[in-house]
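Working notes for the structure below.
The values are calculated or read from the model by the stated rules, or taken from the named source; none is laboratory data. Values in this document were obtained by computation on a predicted structure and should not be read as measured data. Reconstructed Cβ throughout: ideal geometry from the backbone, glycine too, with neighbour counts over all protein chains shown. Surface accessibility is based on the protein's heavy atoms, side chains included, excluding ligands, DNA and RNA. Shrake-Rupley method; radii C 1.70, N 1.55, O 1.52, S 1.80 Å.
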Amino acid sequence: MSTHVPDTESDTETADESLPSAQEARMQKKAEARADREERAREEAEAAASSDESTYHLKVFRYDPEVEGKMEPRFDDFYVPYEKGMTVLDALIHARDTFDSSLTFRHSCRQAICGSDAMFINGSQRLGCKTQLSDLEEPVRVEPLPHAEVRKDLVVDMEHFYDQMEAVKPYFQTNELPDGELEEQRQTRENREKVKMSTRCIWCGACMSSCNIAAGTNEYLGPAAINKAYRFAMDEREGEDMKEHRLNVLEQENGVWRCQTQFSCTEVCPKDIPLTEHIQELKREAVKNNLKFW
């Protein structure tokens with residue numbers, strides 16, 4: 001075994017290169033000074049707000065794996081001026097814009113359509129934009145969705161959820177197309193009513209987060225993916241061979257039979273989709289698909 005003895009001159013040059021430049025030191029000082037100012041402003045604003053009766057007290061989960069001193073999860077307190085009709089998302093936006101610009105969370109449409117701001121609010125999965133502050137007890141505790149890896153503050157990694165959704169091939173597939181080039185592929189009113197609720201899924205992940213079975217294994221498809229499969233499998237325009245393929249996928253070990261009918265997914269769904277009922281109906285379809293006597 002050979003032993004490498006580093007060259008003294010080379011080591012000196014490396015050490016010199018590792019020292020921060022004067023410009024970097026100035027930038028670091030400015031960043032620290034700005035952080036101090038923001039912290040003082042936040043403390044002053046919170047102190048003033050806490051004495052105001054028209055404020056709501058938020059306890060918000062904080063975590064940043066890339067910043068030293070913020071790697072340890074904690075809760076920060078924010079006192080947000082209340083206005084009639086204010087949602088949890090409104091309160092978080094105010095806290096971010098007024099008290100702490102580093103507060104991180106997802107949001108987009110603010111109309112309960114995009115599904116990006118699903119959070120764990122006062123012990124339940126909810127959409128921040130749909131949850132009224134006036135319906136909650138203080139302090140309002142806001143956390144990231146359980147059973148998902150936290151990236152920063154209230155932002156979780158959704159990659160596994162999207163993979164499960166894609167696994168059921170969530171798009172329409174048929175064997176027959178209308179004869180006319182511009183002719184529609186018609187659906188009866190009765191069949192449309194049957195699948196209507198399942199089409200309301202906004203991919204927020206609240207149901208997956210609430211599911212104890214999904215928490216125990218990454219293999220279970222989960223209620224959102226199964227509901228998406230239901231939407232197409234129960235559509236009368238779907239090709240018979242594709243419907244059979246979907247049912248074969250769903251009846252596997254980590255499909256519909258893993259559901260224990262706890263109704264937790266149905267309870268937290270912000271679009272009121274009867275997820276548990278859809279899963280049970282797919283169980284019945286899977287059984288019928290295997291009980292062919294002809």
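If you sort ASP157, ASP272 by accessible surface, 1.4 Å probe, largest first, the order is ASP272, ASP157.
Rounded to the nearest 500, the helix-only mean residue ellipticity at 222 nm of the chain stands at -12500 deg cm²/dmol, with each DSSP H run of n ≥ 4 adding -39,500 (n - 2.57). For GLU32 and LYS70, the FRET efficiency from 1/(1 + (r/R0)^6), where r spans their Cβ atoms and R0 equals 22 Å, is about 0.95. Each label was represented as a point 7 Å from its Cα along the Cα-to-Cβ direction; for TYR171 and GLU253 these points are 3.0 nm apart.
Each Cα pair under 8 Å and six or more residues apart adds its sequence gap; the mean of these over the residue count of the chain is a relative contact order of 14 percent.
Under the simplified labelling scheme, the ALA25-ARG192 pair shows an inter-label distance of 7.3 nm, with each label point 7 Å from Cα along Cα→Cβ.
Loop-resident GluC sites (Glu not before Pro) (DSSP state other than H, G, I, E or B) in region 96-201 with no more than 12 further Cβ atoms inside 10 Å of their Cβ: GLU137, GLU149, GLU176, GLU181, GLU183, GLU184.
Using a cut-off of 20 Å between Cα atoms, the listed pairs LYS30/LYS59; LYS243/LYS283; LYS169/LYS228 include LYS30/LYS59 as exceeding that distance.
For region 195-252, the fraction of 1.4 Å probe accessible surface lying on carbon and sulfur atoms is 43 percent.
In the complete set of protein chains, residue-level accessible area for PHE263 is approximately 100 Å², probe 1.4 angstrom.
Residues in the chain average 60 Å² of solvent-accessible surface per residue, probe 1.4 Å, ligands and nucleic acids excluded. Judged by the mean number of other Cβ atoms found within 10 Å, the most tightly packed of the peptides 140-146, 216-222 leads the ranking 140-146, 216-222.
Bridging of LYS130 to lysines at a Cα separation below 16 Å is possible for LYS84, LYS271, once same-chain residues fewer than 8 apart are set aside. Residue ranking by accessible heavy-atom surface, 1.4 Å probe, largest first, among HIS245, HIS278 comes out as HIS245, HIS278.
Hey, quick one: spin label on LYS130, modelled 7 Å out along Cα-Cβ, who in region 186-210 has an amide N within reach, i.e. under 18 Å? Zone members listed by number: 196-210. Between GLU236 and ALA215, what's the calculated FRET efficiency when r is the beta-carbon distance and R0 is 22 Å? Round to 0.05. FRET efficiency, GLU236 to ALA215: 0.05. A simple rule links phi to the HN-Hα coupling: the Karplus curve 6.51 cos²θ - 1.76 cosθ + 1.60 with θ = phi - 60°, which for region 230-240 gives 4, 4, 8, 4, 8, 7, 5, 8, 5, x, 4 Hz, with x for Gly and Pro. Between the alpha-carbon centres of region 77-143 and region 182-245 there is a gap of 29 Å.
Of the residues SER210, SER54, the one with the largest accessible area comes first in the ranking SER54, SER210, computed with a 1.4 Å probe on protein heavy atoms. Accessible surface for MET86 stands near 20 Å², nearest 10, in the context of the full protein assembly shown (1.4 Å probe).
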